[in-house]
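These notes are about the structure you will find just below.
The values are calculated or read from the model by the stated rules, or taken from the named source; none is laboratory data. Note that the structure is a prediction, hence the values are computed from the model and not measured. Backbone-built Cβ (ideal geometry, glycine too); neighbour counts: all protein chains shown. When the accessible area is computed, the model is the full protein with side chains, heavy atoms only, and any ligands, DNA or RNA have been set aside. Shrake-Rupley method; radii C 1.70, N 1.55, O 1.52, S 1.80 Å.
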Amino acid sequence: MNKSDLMEKLSSEADLSLKKADKLVTLVFREMSEALAKGERVEIRGFGSFKIKHYDGYTGRNPKTLEAVEVKPKKLPFFSAG
């Protein structure tokens, strides 16, 4: 299912116009993104939760040249099914 499928399903199930369903879906995803950007955890009961995982930097290798490469620390979203 993609965003447009979700909007169509919401529109038909909740008797909303497609435009209102689009605004609603966009609002939900924007709020989730903003909460994750602030470092907050997002939990949707019966579905799962999203959080940001912090990864430390490390020394990796370029597989072609076998040269050592420094990988910077990073933050990535992580989903855990509920």
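In the context of the full set of protein chains, residues of the chain present 84 Å² of accessible surface per residue (probe radius 1.4 Å, heavy atoms only). Taking the longest Cα principal axis of the chain as reference, the axis of helix 18-37 is set at about 30 degrees.
In straight-distance terms, cross-link reach from residue 9 covers every one of the lysines whose alpha-carbon lies under 19 Å from its own, apart from those fewer than eight places away in the same chain; here that gives 19, 20, 23.
Report the calculated FRET efficiency for residue 32 and residue 65 (r = Cβ-Cβ distance, R0 = 35 Å), to the nearest 0.05. For residue 32 and residue 65, the calculated efficiency is 0.30. For segment 39-74, GluC sites (Glu not before Pro) are listed when DSSP marks them as loop and at most 15 other Cβ atoms sit within 10 Å of their Cβ; the list is 40, 67.
In the chain, helical runs assigned H by DSSP with n ≥ 4 each contribute -39500 (n - 2.57); averaged across all residues and rounded to the nearest 500, the mean residue ellipticity at 222 nm is -12500 deg cm²/dmol.
Potential lengthening of the chain between residue 23 and residue 55 amounts to 8.1 nm, from the contour at 0.36 nm per residue minus the alpha-carbon distance. To the nearest 10 degrees, how steep is helix 3-13 against the longest Cα principal axis of the chain, on a 0 to 90 scale? Tilt relative to the chain: about 30 degrees.
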